[in-house]
Amino acid sequence: MPTTLQGRKVVVLGGTSGIGLAVAKAVLADGATVVVGSHNRAKIDAAVAELGMSATGGVLNVNDESSIMAFFEQVGPLDHLVYTAGDWKRRNNNIGNNFDLTDAQAGFGIRFWGALLAVKHAMPMIAPDGSITLTGGVLAHRPQKGAALSTAIAGAAEHLMRGLAVDLAPLRVNLVAPGLIATEVWSRLPEGAMQTMVDGQPLPRPGLPEEVAEAYLYFMRAGYTTGQVAIVDGGRLFM
Ligand SMILES: NC(=O)c1ccc[n+]([C@@H]2O[C@H](COP(=O)([O-])OP(=O)(O)OC[C@H]3O[C@@H](n4cnc5c(N)ncnc54)[C@H](OP(=O)(O)O)[C@@H]3O)[C@@H](O)[C@H]2O)c1
């Protein structure tokens, strides 16, 4: 079993920003080629330009199965699938009077159903010694007030991963559960707001995308690891 990604082909859905872009950079540094997929052509072009010669990209909407299917038909055979796609639309996370079912269901669209459909269409193309790495969140392990929906979505992704690890074996399936990671989306917050959220963690700072990327790399390279969760949270579970 190879312990580097030299010569392997890695597809990162959501690879045009944040954690996904950091994963794309890390796999290139380890000798792989990478295909990044996302919804927005301009972001794909910018990411591919930043990543360099061993990177290509393609448009897909993970909310649309025909778009996912067309993407993988174009990509062809691959070794590793990484799924980091997610949107940041404001959703009512509180299951109170203002709870809106349609809105809540949309929350599962990208992070859960999109992941499942990506697996469905990538699966026949993935090398038998390859892997799938999904993304959840530390909320699945440490719920916080006002975030019931996000907790459920992260937990659903995690249990999907466990079921797939059994169903798709010997293909390996794992999941990374990030804590608070300083990706572009958080830069919209007022200054100091992010720091307040991480005060009290054993490592009292936001994580860096490249620090989370290490966990995805581990799962791609670790040939005897399947059905596992890597929590990358600066110790948030213990605050
Ligand atoms: N950052 C954190 O603190 C944190 C914490 C816990 C969990 N997570 C999880 O980690 C994942 C990545 O987070 P991030 O902060 O890196 O987010 P991000 O920077 O917003 O990246 C999300 C990626 O998903 C793509 N995307 C969005 N909608 C899409 C669609 N309909 N079809 C295809 N691609 C789509 C985006 O590209 P386009 O805009 O071009 O479509 C982008 O490449 C998310 O699932 C998030 O829930 C993040």
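Please enumerate the residues belonging to the range 50-74 that are out of contact with any helix residue (DSSP H, G or I) (no Cβ under 7 Å at 6 or more places or on another chain) and aliphatic (A, V, I, L, M).
53, 70, listed by residue number.
What's the total number of residues in the range 163-200 that are free of Cβ contacts under 8 Å to residues at least 40 places away in the same chain, under 22 Å from residue 153 (Cβ atoms) and outside any helix (DSSP H, G or I)?
2
Restricting attention to the range 31-50, does a residue exist that is at pLDDT 95 or above, within 21 Å of residue 130 (Cβ to Cβ) and surrounded by fewer than 20 Cβ atoms within 10 Å (Cβ to Cβ)?
Looking through the range 31-50, at least one residue is at pLDDT 95 or above, within 21 Å of residue 130 (Cβ to Cβ) and surrounded by fewer than 20 Cβ atoms within 10 Å (Cβ to Cβ).
Quick grid of which residues meet (1) in contact with a helix residue (DSSP H, G or I) (Cβ under 8 Å, 6 or more places away or on another chain); (2) closer than 26 Å to residue 224 by Cβ:
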{"position": "94", "(1), (2)": "yes, no"}
{"position": "100", "(1), (2)": "no, no"}
{"position": "108", "(1), (2)": "yes, no"}
{"position": "133", "(1), (2)": "yes, yes"}
{"position": "137", "(1), (2)": "yes, yes"}
{"position": "146", "(1), (2)": "no, no"}
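Report, ordered by the first and then the second residue, all pairs with beta carbons closer than 9 Å, sequence separation of six or more or different chains, a first member in the range 50-79 that is in a loop (DSSP other than H, G, I, E, B), and a second member that is among the β-branched types (Val, Ile, Thr).
Within 9 Å, the pairs are 54/33; 54/34; 60/68; 61/68; 62/68; 62/110; 63/110; 77/126.
Suppose the filter is hydrophobic (A, V, I, L, M, F, W, C) and surrounded by fewer than 18 Cβ atoms within 10 Å (Cβ to Cβ); does residue 122 pass it?
no
Going through 140, 106, 156 one at a time, which residue ends up being surrounded by fewer than 18 Cβ atoms within 10 Å (Cβ to Cβ), closer than 28 Å to residue 206 by Cα, in contact (Cβ under 8 Å) with a residue 12 or more places away in the chain and within 15 Å of the ligand (Cβ to nearest atom)?
Exactly one residue qualifies, and that residue is 106.
Within the range 193-225, restricting attention to residues that are buried (at least 16 other Cβ atoms within 10 Å of the Cβ) and among the aromatic types (Phe, Trp, Tyr), which residue is nearest to the chain's Cα centre (by Cα)?
Only one residue tops the list, namely 216.
So for the range 2-14 (the condition being among the hydroxyl-bearing types (Ser, Thr, Tyr) and either assigned to a loop (DSSP other than H, G, I, E, B) or in contact (Cβ under 8 Å) with a residue 40 or more places away in the chain (or both)), does at least one residue qualify?
yes
Looking at the range 130-162 only, could you name the residues that are assigned to a helix (DSSP H, G or I), farther than 29 Å from residue 32 by Cβ and over 15 Å from the mean Cα position of the chain (by Cα)?
148, 149, 151, 152
Quick one: in the range 73-95, of everything that is in contact with a strand residue (DSSP E or B) (Cβ under 8 Å, 6 or more places away or on another chain) and over 18 Å from residue 5 (Cβ atoms), which residue is modelled with the lowest pLDDT?
So the residue we want is 86.
Would you pick out the residues in the range 27-49 that are outside any strand (DSSP E or B) and either touching an Asp or Glu at 6+ places or on another chain (Cβ under 7 Å) or within 13 Å of the ligand (Cβ to nearest atom) (or both)?
39, 40, 41, 42, 43, 44, 45, 46, 47, 48
The values are calculated or read from the model by the stated rules, or taken from the named source; none is laboratory data. For clarity, every value in this text was computed on a predicted model and none was experimentally measured. When we count neighbours, we look across all protein chains shown, and the Cβ atoms used for this are built from the backbone with ideal geometry, even at glycine.
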